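Participant: Here it is, the structure in full.
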Amino acid sequence: MAQVVFKNVNKIYDKNVAAVKDANLEIRDKELVVLVGPSGCGKSTLLRLIAGLEEVTSGEIYIDGRVVNTVPPKDRDIAMVFQNYALYPHMTVFDNMAFGLKMRKFSKSETKKRVNDAATILDVAHLLDRKPKALSGGQRQRVALGRTLVRKPKVFLFDEPLSNLDAKLRTQMRAEISKLHARLGATMIYVTHDQVEAMSMGQRIVVLKDGRIQQVDEPLHLYEKPANKFVAGFIGSPAMNFFEGQIQREDGLLFRNGELHLSLAPNMESALGPYVGKNVVFGMRPEHISYGGERSARTDGSTVTATLDVLEPLGSEVYLYLSVGDHPFIARTEMKAMPKAGDALEVVFDMNRAHFFERESEQAIV
């Protein structure tokens, strides 16, 4: 397989529209990397630059140590799976999977062996005589995967391949692709806008916004140590709660935002001490906010009284849509005695899990 490297890559379209800005990225050999971000962030453009479907404006792209900027797509030894299955409706599954090999003049015996091997791996061997209209969505996606698998390329590229599937099938196919990666030991680059998909599949995740790479990291570290406010808000479901306010000192450090007063954990003194008197953004994930049902006796300043606006029971857990004054936020907790909309709840912020960001730059402080 192969390593893929971006060095100062830019892609600018007509009218000075920059789709990719100064991208520097190293995708390791045999790694499954997920590119994630909102619509229009440049993730699909990065994939198309690797494939050679778009020309690099400046910078260099390396595949397996070779600069490929001017190498035609057919000579880059990559295979791409698109959101649209793009199967030939008049051909059988076998012929769809074999088509690329036939175009490359592979022998009939080698073509048959590769198709049969791929069909076995993907559990579609019993479907080889069928045509696409006789297949389910998941089966069609497997055939599209098989068409790339028979090529045995250096790099596999996936451009939102599961977005047309229903939720249950997406979950199943995520697991199938992860197992396929483990079995092949292949270099795979996967594009999605779904952060759950990214967290569950990627060995590393590349988060993009407005054409710029925001952070590259392993899923759990990305979740626990976001580099900036955008990454913190994009990764996680429900999204992180944010409050703008000021760091103050009153027998220790305090975050104050209107009616929300929270004492900070002592271990944040060194990082947040220089911000006393300054406005910052405080972030807290919903699962790090809990409630005890009755008034808490805690006096460490992490407990506040909030009004319950909406409650969403989801079986094993519940989402509480709360507000303190004019500041709404969400808590995700275990199912307990069910409160009612309008109730005043004592909610506890786990301040050891708090995140703080600079207000202007939005870079993480701690």
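Participant: When ranked by the protection proxy of mean other Cβ atoms within 10 Å per residue, highest first, what sequence do the peptides 193-202, 124-133, 276-285 form? Present the calculation step by step, with values, prior to reporting the outcome.
Facilitator: Numbers: 193-202: 19.9, 124-133: 15.7, 276-285: 17.3.
Highest mean packing first, the order is 193-202, 276-285, 124-133.
Participant: Label the range 211-318 by shape, choosing from rounded, prolate and oblate, from the square roots a ≥ b ≥ c of the eigenvalues of the Cα gyration tensor; if a/c is under 1.5 it is rounded, and otherwise prolate applies when a/b is larger than b/c, oblate when it is not.
Facilitator: Judged from the Cα gyration tensor, the range 211-318 comes out oblate (a/c at least 1.5, b/c at or above a/b).
Participant: Related question: What's the percent breakdown of Cα-Cα distances in the range 315-366 across 10 Å bins, shortest bin first?
Facilitator: 17, 42, 29, 11, 0
Participant: Using Cα centres only, tell me the gap between the range 307-364 and the range 115-188 in whole Å.
Facilitator: 40 Å
Participant: On the protein heavy atoms, probe 1.4 angstrom, tell me the percent of accessible surface of the chain carried by carbon and sulfur.
Facilitator: With neighbouring chains kept in place, the figure for the chain is 48 percent.
Participant: Then there's this: Quick one: which of 49-62, 179-192 comes out on top by average Cβ neighbours within 10 Å, and what's the full order, highest first?
Facilitator: Highest to lowest by the protection proxy: 179-192, 49-62.
Participant: Which value in nm describes the separation of the simple spin-label points at residue 117 and residue 30, placed 7 Å from the Cα toward the beta carbon?
Facilitator: 1.7 nm
Participant: Of the listed pairs 133/154; 112/154; 74/105; 168/225; 112/152, which have alpha-carbon separations greater than 25 Å here?
Facilitator: Long pairs (Cα-Cα over 25 Å): 133/154; 168/225.
Participant: As I understand it, the value is the acute angle between the Cα axis of helix 167-184 and the longest principal axis of the Cα atoms of the chain; what does it come to in degrees, rounded to 10?
Facilitator: For helix 167-184, the angle is close to 60 degrees.
Participant: Additional query: How far apart, in nm, are the 7 Å Cα→Cβ label points at residue 307 and residue 203?
Facilitator: Using points 7 Å along Cα→Cβ, the separation is 5.2 nm.
Participant: Under the Karplus relation 6.51 cos²θ - 1.76 cosθ + 1.60, θ = phi - 60°, what is the ordered set of whole-Hz ³J(HN,Hα) values for the range 238-245, x standing for Gly and Pro?
Facilitator: Couplings: x, 5, 4, 7, 10, 9, 8, x Hz.
Participant: Moving on. Among the aspartates and glutamates, select those whose C-alpha is under 12 Å from the C-alpha of residue 278, and discard any that sit fewer than 8 residues away in the same chain.
Facilitator: 244, 358, 360
Participant: Which residues does the label zone of residue 276 cover in the range 241-261, counting backbone N under 17 Å from a point 7 Å along Cα→Cβ?
Facilitator: Residues 246-256 fall inside that zone.
Participant: Right, another one. Distance between Cα centroids, the range 252-271 to the range 1-68: provide it in whole Å.
Facilitator: Cα centroid of the range 252-271 versus Cα centroid of the range 1-68: 41 Å apart.
Participant: Using 0.36 nm per residue of separation minus the Cα-Cα distance, give me the extension gain between residue 169 and residue 248 in nm, one decimal.
Facilitator: Extending this stretch completely gives an extra 23.4 nm.
The values are calculated or read from the model by the stated rules, or taken from the named source; none is laboratory data. A quick note: this is a predicted structure, and the numbers were derived from the prediction, not measured. FYI the Cβ positions are ideal-geometry reconstructions off the backbone, even for glycines, and counts take in every protein chain you see. Side chains are part of the model used for accessible areas, which takes the heavy atoms of the whole protein and leaves out ligands, DNA and RNA. Shrake-Rupley method; radii C 1.70, N 1.55, O 1.52, S 1.80 Å.
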